[in-house]
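Asker: Below are the structure tokens for one structure; questions will follow.
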Amino acid sequence: MMPKVLCCIDNTEASVRALAAATELARKFHAGLVLFAANPLLPGRGGPIYLWPEEYVASMVEEAARRARFAGINNVECVRCRAIKVADAIVGYADDNAVDYIVVGTNDRSGLARAIGGSVSREVIALANCPVLTVRRLRNEQGPPPKRGLRRPIKMPVAAAAVP
């Protein structure tokens, strides 16, 4: 049986990087690629309102499929769904369809943004029953260096030299 790689897309830079990593993974393992787009339900009263129109989601998935086919993946499947919780939809699809790997993009976010907003990629990691590859950066991608440690250099006072 051919392995399956599930790539989660939402038309952000992170999902573009995830698509590049997923196509490379599918090519190396001779696997099928499933492009998965979940349209999240916006909270509120009244009738259901989703984040994106269906035409936009369809064009987003077809563009990703075109890129994957151009990269040499022949077995590309496109899946669209509406979801209350995106992470639950991703993991539920992966479990129901015996997906072997999940690839999801992630961004650098501050501690406060992570605490307030949560993260779909973190929820997928916590819920998934298969390996999850999170893609923050690609190796050949140039960008600012990762922020580690202190943000500003500490200026140490210079001791006055003793004059004889």
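Asker: Suppose we filter Val5, Val57 for residues that are surrounded by 21 or more Cβ atoms within 10 Å (Cβ to Cβ) and either part of a loop (DSSP other than H, G, I, E, B) or over 15 Å from the mean Cα position of the chain (by Cα) (or both); which single one remains?
Answerer: Working: Val5 fails: either part of a loop (DSSP other than H, G, I, E, B) or over 15 Å from the mean Cα position of the chain (by Cα) (or both).
Going through Val5, Val57 in turn, just one is surrounded by 21 or more Cβ atoms within 10 Å (Cβ to Cβ) and either part of a loop (DSSP other than H, G, I, E, B) or over 15 Å from the mean Cα position of the chain (by Cα) (or both): Val57.
Asker: Now for a different question. Could you tell me which residue of segment 60-81 is surrounded by the fewest Cβ atoms within 10 Å (Cβ to Cβ), considering only residues that are on the phi < 0 side of the Ramachandran plot and part of a loop (DSSP other than H, G, I, E, B)? Break it down stepwise before answering.
Answerer: Looking only at segment 60-81, we keep the residues that are on the phi < 0 side of the Ramachandran plot, and these are 60-71, 73-81.
Filter once more, so that each one left must be part of a loop (DSSP other than H, G, I, E, B): 71, 73-75.
Working: Ala71: 16, Ile73: 21, Asn74: 9, Asn75: 14.
Of everything passing the filter in segment 60-81, Asn74 is surrounded by the fewest Cβ atoms within 10 Å (Cβ to Cβ).
Asker: Separate question: I'd like the residue in segment 1-41 that is of a type in the set (S, T, N, Q) and out of contact with any Leu (no Cβ under 8 Å at 6 or more places or on another chain) and, out of all such residues, is modelled with the highest pLDDT.
Answerer: Residues of segment 1-41 that are of a type in the set (S, T, N, Q), as a first pass: 11-12, 15, 23, 39.
Restricting the remaining residues to those that are out of contact with any Leu (no Cβ under 8 Å at 6 or more places or on another chain) gives 11-12, 15.
Values: Asn11: 81, Thr12: 88, Ser15: 91.
Checked segment 1-41; the qualifying residue modelled with the highest pLDDT is Ser15.
Asker: Also, quick follow-up: Have a look at Val86, Val104, Val91 and point out the one that is surrounded by 21 or more Cβ atoms within 10 Å (Cβ to Cβ) and free of Cβ contacts under 8 Å to residues at least 40 places away in the same chain.
Answerer: On the way: Val86 fails: free of Cβ contacts under 8 Å to residues at least 40 places away in the same chain; Val104 fails: free of Cβ contacts under 8 Å to residues at least 40 places away in the same chain.
Within the list Val86, Val104, Val91, the selection yields Val91.
The values are calculated or read from the model by the stated rules, or taken from the named source; none is laboratory data. A quick note: this is a predicted structure, and the numbers were derived from the prediction, not measured. Because the Cβ atoms are built from the backbone with ideal geometry, glycine has one as well, and the counts that use them run over all protein chains shown.
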